[in-house]
Each structure stands twice: as C-alpha cells, then as structure tokens.
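Colleague: This is the structure I have questions about; it appears just below.
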Amino acid sequence: YASLAAKGGIEHVVVGRKPGTRVAAGCYHIQTVNSLHARYEAFIKPFCGPATKNLNGYIRWLEVRLAGLQPADVIQAS
C-alpha cells in the first residue's frame, strides 16, 4: 500500500490492531478506519458493484455526502 499511495500522492498511515498501535499520529484510529469502511460499504451497496473506472467519482460523492452537503450545493459551488 505504501508504494501505491506514493505513486498517487496519497498519505499512507499504518494503524495496527495491537494495543499501542491503534492510534497513529494522534488522529488516525482503527475505529475511525472501520467506521469509514462500513459507511463506504453501505453507500456503494445499492449500486450493485460499479465499474472500477468510476470508483473515484463514487468516493468523491461519498465525501460530499459525509460532509453534509446536498447535490444542489455542490452544483451551485462549481
């Protein structure tokens, strides 16, 4: 994952399962990762497996929804 993140210019943080490794950099917690993963799965399930080429768009859509914005807000801002 580290090399993939480096190629994409994405921050990569390792969060472990063992005590003492569950929090990284003071703000990344294993429960936060698990929560985000569950939210993503619930969001993507109705789409019945979208094409891989469209995943970035779906992730952006999820980010907007998690931020509490509505589609109309995004359209007006652009």
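The values are calculated or read from the model by the stated rules, or taken from the named source; none is laboratory data. Computed from a predicted structure; not experimentally measured. For neighbour counting, all protein chains shown are included, and Cβ atoms are generated from backbone atoms with ideal geometry for every residue, glycine included. Note: accessible area is taken over every heavy atom of the protein model, side chains too, but ligands, DNA and RNA are not part of it. Shrake-Rupley method; radii C 1.70, N 1.55, O 1.52, S 1.80 Å.
Colleague: Compute the helix-to-body angle for 55-66: its Cα long axis versus the longest principal axis of the chain, expressed 0 to 90° and rounded to tens.
Modeller: 90 degrees
Colleague: For the chain, with the dipole built from +1 on Lys and Arg beta-carbon atoms and -1 on Asp and Glu ones, taken about the Cα centre, which of Ile44, Val64, Ile30 lies farthest toward the positive end?
Modeller: Ile30
Colleague: Please compute the contact order of the chain in relative form: average sequence separation of alpha-carbon pairs under 8 Å and at least six residues apart, divided by the residue count, as a percent.
Modeller: Rounded, it is 13 percent for the chain.
Colleague: Indicate the gyration tensor shape class of region 30-75 (rounded, prolate or oblate), computed on the Cα atoms with a ≥ b ≥ c the square roots of the eigenvalues: a/c under 1.5 is rounded; otherwise a/b larger than b/c is prolate and the rest oblate.
Modeller: oblate
Colleague: How big is D, in µm² s⁻¹, for the chain by Stokes-Einstein at 25 °C and 0.890 mPa s if Rh is the Kirkwood radius over C-alpha pairs?
Modeller: 165 µm²/s
Colleague: On to the next question. What 222 nm value per residue comes from the helices of the chain, counting each DSSP H run with n ≥ 4 as -39,500 (n - 2.57) and dividing by all residues, nearest 500 deg cm²/dmol?
Modeller: Estimated from H runs of four or more residues: -15500 deg cm²/dmol.
Colleague: How much accessible surface does Ile75 have with a 1.4 Å probe, in Å² rounded to 10?
Modeller: Its accessible surface works out to 120 Å², give or take rounding.
Colleague: Within a Cβ distance under 13 Å of Arg65, other residues only, what is the Lys/Arg minus Asp/Glu net charge?
Modeller: Within the 13 Å Cβ shell, the charges total 0.
Colleague: Angle, helix 30-44 long axis vs. longest principal axis of the chain, Cα atoms, 0 to 90°, nearest 10?
Modeller: Helix 30-44 and the main axis of the chain meet at about 30 degrees.
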